[in-house]
Every structure is written in C-alpha cells, then in structure tokens.
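Novice: Encoded as structure tokens, here's the structure I'll be asking about.
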Amino acid sequence: MVRVTVPIPGRPYDVCVGSGLIPAAGTLLPELPGAVTAFVVADRTVSAKWFEPLANALASAGLGAVLFVVPSGEDAKTLQVYETVLHQLATQEAHRADPVVALGGGAVGDLAGFVASTYMRGVPFVQVPTTLLAQVDAAIGGKTAVNLPEGKNLVGTFAQPRLVIADVDALATLPDREFRSGLAEVAKYALTLDLELLEALERDPGSVLARDPAMLEQLVTRCVSAKARTVSEDERDDGVRLILNYGHTLGHALERLDAFAGRSHGEAVGVGMVFAARLSEDRGIAAPGLAGRTVRLLSSLGLETDGPLADPDAILAAFRLDKKYRGGVRFVLLEDVARPVVVDDVTDDELRRVLETMGARV
Ligand code: NAD
C-alpha cells in the first residue's frame, strides 16, 4: 500500500492506494473520537459487492455501519436525493462525530461529500472511491456537489475528507467504458504534469488495459500525487488547479452538445486533449509532434481521438457557456508534455481553424 498525503494547510489527509484495502479499512481510519456509527452512501451495484466487507472492517474498528442506498450515476446528484439522505441521517439520530462514508464513483462521492459537509454543519467524511475516475480525480480535492435542472454541479461546498481509501481491487468489476473514461483523466495527468507516468503508459498500455493490479496501484498513486500537489497549492480552484482542466474545455462542450447522451466524459476529454495539443502546435507554443504523441497514447488506451464533431459554430457558442469563460475562453495548452500554460487570448478564427482539422489524420 502507498500513502499519499494531501497537504491542505490545517486539514491534511491521506489517500491510501493499494490492493485489499476495503477489507482493511478499520486499520486505516484516523481517530474519530466519539464516533459510534458510520453512515455509508452507495448505489445498489457497488453496495452489493463492497458494503459487507466494508461493514466488517468498520466493525473491527468498533464502528457500526448503516447503508443508505442511492440511485446510480448522476441520478444521485439531486437536491431530492440529498434531502432524503439528510432525513435518513436525522431519523437514525446520526451524531456530529459519526462519519459519512462515500462508497462508489464520483457521483456518490459528490453527493455524500455535500451531505457530510452540511449535516449538522459538517460531520467527518471518508471517501472509498470505486471507479478509476473517482480514485484518480473526484475523491481528492474536496469539491462536493449536486446538480440543478439548470446545470451540473451548481450547488456544493469545498470540504476535504478525513481519509481516502482507493482499493484498486474494486476496479476489476468496472465496465470497460467506465474504466476507459478514467483512463482519459490518467492520460491528462501524464500529459500535463508527469513525464514518468506518461512514459510508463507508453511503454506498457497492455498492462493498463488488462488492469494489472501492480500497474493500477502505480498509476493511481502517481495521479493522486499529482492532484494532491495541485490542490494543496490551490484549494479553492482559482489558480494552478486550472491545469487539471486540460482537454476539458472542448470536452465539456462536446458533452453538452451531445446532451450527455453521446460520448462519455472521458471520451469527450480525450478528443479535447487532441484538440488542445493541435491548438498548441497551431499557435507555435508546442513543437510539431505533440498532437501525434497524444493521439498515439489515447489510441493505445482504447480512447477516441477525433470526429465526428459538431458544427464549429455550435462548439464556439458552447465554449462561451463554459464556466471558465471570463470575457474570453481560457485554454490550458502545452509547450511540451508536462509543461502546461494557460492562455486566454485565443481567437474564434484560430479555434475554428483547428476544429476544422479535427478528424484529419495527425
Ligand atoms: P459514476 O459515479 O457516475 O459511476 C458510474 C457507474 O459506475 C455507476 O453506475 C456505478 O454503479 C458504477 N460503478 C462504480 N464503481 C463500480 C465498480 N467498482 N464496479 C462496477 N460498477 C461500478 O462515475 P464516475 O466517473 O466515477 O464519476 C462521475 C461523477 O464525478 C460526475 O458526477 C462528475 O461531476 C464527478 N466528478 C467530481 C469531481 C470532483 O472533484 N468532485 C471531479 C471529477 C468528476
């Protein structure tokens, strides 16, 4: 097992990464004085497999475990589900010292984190992420949220967990599409922040796709370390954390234009990273070759790298709706791998030109 500390000033916490960690959760938990019961939030799929081993582990640490089953995916991130979980906590007489535990993907983590940070003005929160995306990204950094009909993640808090337990064994049952979606975020960390990770992925994509536990432990650890460094410098997401949005400006636009029914988040981010690499080359920020390397990496991980794209004008309009829009669209670009820069002077003409090359071979 590897322990990575997220050094948020005043509230540091550990992310434990490895195999066999859910059954060992009782030995990993920090002191939770006065805690009697852990309230575990999970959907049906994940709770069927992992609630019992987690409950046994919590029992060994002297904690009871109560399960709240919530809907899967984005359906968990509503004010109605949030309210239901709050009522359940109150009915069960959850105490201020009792932890809320998120067991599942990023959606369950976002919901349970919001519950934990607001019930009784905040109770201890533990993340047990079970998707690759949640292990490398969503469970670290302290952003919690539910959606409104008007848009995603419009209500939430910044609230850091006490501990994150990333058990790579949970990834064995993840559907392929969910796994690949997480791989797009892994590729993002590699391309923007971690040359060693990039070279490891390029050397042996086969072990990644075969979900070799040692490979998964290595790549989750490296991504967690990269995210930990970034969020500790910028807890409230108004500085260097922007780099973690590499590929996401076009990614979000594609998701929105597909009405969330087309590409998955990761698939859209993959295409977005190819676009960002091409834009970096087109501006002369990066030497030719960056886009080609990006395409080869993503293809080797089973990710899409180009078309069909929506009409460039529709994409430009969607860029303007992006929450990073501040008079101009901000893009994270690369001078080279692991050398990110943020630019906000990209013109519509440049964007249109690069969008029109998407779909062509690099
Ligand atoms: P998800 O939470 O929507 O889960 C996807 C599906 O995977 C669900 O159906 C779930 O039942 C299933 N699943 C989970 N673990 C499984 C396992 N081990 N085996 C089999 N099936 C399993 O997907 P996600 O990609 O983890 O998270 C996406 C969410 O995360 C979005 O809501 C996004 O907004 C959020 N997010 C938050 C942050 C943050 O910083 N808070 C960052 C990135 C994404």
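The values are calculated or read from the model by the stated rules, or taken from the named source; none is laboratory data. Keep in mind that this is a model prediction, so the values were computed, not measured. Cβ: placed from backbone, ideal geometry, glycine included. Neighbour counts: every protein chain shown. Surface accessibility is based on the protein's heavy atoms, side chains included, excluding ligands, DNA and RNA. Shrake-Rupley method; radii C 1.70, N 1.55, O 1.52, S 1.80 Å.
Novice: Would you work out the charge dipole size for the range 176-357 about its Cα centre, treating the Cβ of every Lys and Arg as +1 and the Cβ of every Asp and Glu as -1, and quote it to the nearest 20 debye?
Specialist: Here the size comes out at about 180 debye.
Novice: Something else: Work out, in µm²/s and without decimals, the Stokes-Einstein translational diffusion coefficient of the range 2-173 at 10 °C, 1.306 mPa s, Rh from Kirkwood over C-alpha pairs.
Specialist: Estimated diffusion coefficient is 102 µm²/s.
Novice: Taking +1 at the Cβ of each Lys and Arg and -1 at the Cβ of each Asp and Glu, which of Gly26, Gly182, Val329 sits farthest along the dipole of the chain towards its positive end, judged by Cα position relative to the Cα centre?
Specialist: My answer, from the dipole projection, is Gly26.
Novice: With a 1.4 Å probe and all protein chains left in place, how much accessible area per residue does the chain have, in Å²?
Specialist: Each residue of the chain exposes 41 Å² on average to a 1.4 Å probe.
Novice: As a test question: what accessible area, to the nearest 10 Å², does Arg162 have when a 1.4 Å probe is rolled over all protein chains in place?
Specialist: About 120 Å², rounded to the nearest 10.
Novice: So, in Å, what gap is there between the alpha-carbon centers of the range 128-157 and the range 214-234?
Specialist: Measuring centre to centre over Cα atoms gives 17 Å.
Novice: How much accessible area does Leu58 have with a 1.4 Å probe, in Å² rounded to the nearest 10?
Specialist: Spelled out: Leu58, probe radius 1.4 Å, area about 10 Å².
Novice: Could you order Asp311, Asp14, Asp204 so the one with the most accessible surface comes first? Probe is 1.4 Å.
Specialist: Listed by decreasing accessible area, they come as Asp311, Asp204, Asp14.
Novice: Here's a follow-up. Can you give the % of DSSP beta bridges in the chain that are antiparallel, to the nearest 5?
Specialist: 35 percent
Novice: Mind putting a number on the dipole of the chain about its Cα centre? Charges go on the C-beta only, +1 for Lys and Arg and -1 for Asp and Glu, and I need it in Debye to the nearest 20.
Specialist: It works out to roughly 400 debye.
Novice: Ordered by residue, what ³J(HN,Hα) values in Hz, to whole numbers, does the range 201-218 give under the Karplus form 6.51 cos²θ - 1.76 cosθ + 1.60, where θ = phi - 60° and Gly and Pro are x?
Specialist: Once θ is set to phi - 60°, the couplings for the range 201-218 become 5, 5, 5, 9, x, x, 5, 5, 5, 7, 6, 4, x, 5, 5, 4, 4, 5 Hz.
Novice: If you don't mind, another one. Run the accessible area of the range 2-173 with a 1.4 Å probe and give the carbon-and-sulfur part as a rounded percent.
Specialist: 54 percent
Novice: Divide by every residue of the chain the summed helix terms, -39500 (n - 2.57) for each DSSP H run of at least 4, and state the resulting mean residue ellipticity at 222 nm, rounded to the nearest 500 deg cm²/dmol.
Specialist: -13500 deg cm²/dmol
Novice: Taking a ≥ b ≥ c as the square roots of the eigenvalues of the Cα gyration tensor of the range 176-357, is the shape rounded (a/c under 1.5), prolate (a/b larger than b/c) or oblate?
Specialist: prolate
Novice: Would you mind checking the tilt of helix 248-257 against the longest principal axis of the Cα atoms of the chain, expressed as 0 to 90 degrees and rounded to 10?
Specialist: 90 degrees
Novice: Please give the charge dipole size of the range 2-173, origin at the Cα centre, charges +1 on K and R Cβ atoms and -1 on D and E Cβ atoms. Round to the nearest 20 debye.
Specialist: With Lys and Arg at +1 and Asp and Glu at -1, about 280 debye.
Novice: Rounded to whole Hz and in sequence order, give me ³J(HN,Hα) for the range 86-93 from the Karplus expression 6.51 cos²θ - 1.76 cosθ + 1.60, θ = phi - 60°, writing x for Gly and Pro.
Specialist: 4, 4, 5, 4, 5, 4, 7, 6
Novice: Above 26 Å lies some portion of the pair distances; for the chain, what is it as a whole percent of all C-alpha pairs?
Specialist: Taking all Cα-Cα pairs of the chain, the fraction more than 26 Å apart is 49 percent.
Novice: Determine the share of the range 176-357's accessible area contributed by carbon and sulfur atoms, expressed in whole percent, with a 1.4 angstrom probe.
Specialist: Carbon and sulfur atoms account for 48 percent of the accessible area of the range 176-357.
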